[in-house]
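Trainee: This is the structure I want to talk about, given as structure tokens.
The values are calculated or read from the model by the stated rules, or taken from the named source; none is laboratory data. This structure is a prediction, so every number in the text was calculated from the model and none was measured. For neighbour counting, all protein chains shown are included, and Cβ atoms are generated from backbone atoms with ideal geometry for every residue, glycine included.
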């Protein structure tokens, strides 16, 4: 065949399509992939270093694929193939590995000057799942099923709580700190403790996601006034309050003093 550039005719493409129509091509075997790899070693890809601004072939390929999302069938088949691949024992080469400091720095440098997607956008952005539920959208259902039965750890709970408080203060209170509910006799009892112990007690001191009724930093003492809703029917402290106390003690390393309201109203 004489040298030169040959373009496939429409007739050739039609015949080629008729021959392969209906045939399903599976994933190449490891042996086939190895042979392909060895055959391609040392070869330079035709589009190496080219962009659509420099080469019409790259430009035409880019235009042909532009705006063409994968069909649902294609995405489903790809998902099934990937799951089967991992079920057969495939381990991703990066599993268990982390980026080196050099890689992290290169990635950071590569993004310098990039404009964030939310640049100049005002207010809260609407999430993709806004208004959707697992009954109306398959994506939401998949996320829900994946997270079902997976409890959040304490650190995550604390972050959610702190984020909720900041959101309320920002959106509903114009930046003013959120007011804390104070018991009817709490102030009186803590005032009397200050005078009796000659110390200063800070009211509603925040620790983690909790607010302590009173706290003295110099002596590292936390004070909690137990109103009736902190107690079980037999007068014992509720389990959730005991758990809260242990978390605060662990965080501050403090002495934690509990005073029952009904026993200290008249002190």
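Trainee: Filter segment 16-39 down to residues that are surrounded by 10 or more Cβ atoms within 10 Å (Cβ to Cβ) and modelled with pLDDT of 70 or more, then give me how many there are.
Mentor: 7
Trainee: Which pairs do you get when a residue that is at negative phi and in a helix (DSSP H, G or I), found in segment 164-183, comes within reach of a residue that is at pLDDT below 75 and surrounded by fewer than 10 Cβ atoms within 10 Å (Cβ to Cβ), reach meaning Cβ atoms under 9 angstrom, with the pair 6+ apart or on two chains?
Mentor: 171/124
Trainee: In addition: For residue 188, state whether it is in a helix (DSSP H, G or I), at negative phi and surrounded by 14 or more Cβ atoms within 10 Å (Cβ to Cβ). Please lay out each step first, then the result.
Mentor: Details: in a helix (DSSP H, G or I): yes; at negative phi: yes; surrounded by 14 or more Cβ atoms within 10 Å (Cβ to Cβ): yes.
Spelling it out, residue 188 is indeed in a helix (DSSP H, G or I), at negative phi and surrounded by 14 or more Cβ atoms within 10 Å (Cβ to Cβ).
Trainee: Run residue 154 past the list (1) more than 30 Å from residue 248 (Cα to Cα); (2) touching a helix residue (DSSP H, G or I) at 6+ places or on another chain (Cβ under 8 Å); (3) surrounded by 10 or more Cβ atoms within 10 Å (Cβ to Cβ) and report the number of the one that doesn't hold.
Mentor: Condition (1) is where residue 154 drops out.
Trainee: Cβ contacts < 9 Å: first residue more than 20 Å from residue 30 (Cβ to Cβ), restricted to segment 65-90; second residue assigned to a helix (DSSP H, G or I), any location; separation 6+ or different chain. Result?
Mentor: Hits for this filter: 69/75; 70/78.
Trainee: Ok, one more. Scan segment 214-227 and give yes if some residue there is at pLDDT below 90, more than 39 Å from the chain's Cα centre (by Cα), more than 28 Å from residue 163 (Cβ to Cβ) and surrounded by 11 or more Cβ atoms within 10 Å (Cβ to Cβ), otherwise no.
Mentor: Among the residues of segment 214-227, not one is at pLDDT below 90, more than 39 Å from the chain's Cα centre (by Cα), more than 28 Å from residue 163 (Cβ to Cβ) and surrounded by 11 or more Cβ atoms within 10 Å (Cβ to Cβ), which makes the answer no.
Trainee: Moving on. With respect to residue 199, is the statement that it is assigned to a strand (DSSP E or B) and at pLDDT 85 or above true? Write out each step before concluding.
Mentor: Details: assigned to a strand (DSSP E or B): no; at pLDDT 85 or above: yes.
So residue 199 fails the test.
Trainee: Quick one: in segment 60-80, which of the residues that are within 26 Å of the chain's Cα centre (by Cα) and surrounded by 11 or more Cβ atoms within 10 Å (Cβ to Cβ) is farthest from residue 47 (Cα to Cα)?
Mentor: Filtering first and then ranking leaves 76.
Trainee: Report yes if residue 248 is surrounded by 14 or more Cβ atoms within 10 Å (Cβ to Cβ) and assigned to a loop (DSSP other than H, G, I, E, B), otherwise no. Give the steps one after another, and end with the answer.
Mentor: Numbers: surrounded by 14 or more Cβ atoms within 10 Å (Cβ to Cβ): yes; assigned to a loop (DSSP other than H, G, I, E, B): no.
No; evaluated as a whole, the condition is false for this residue.
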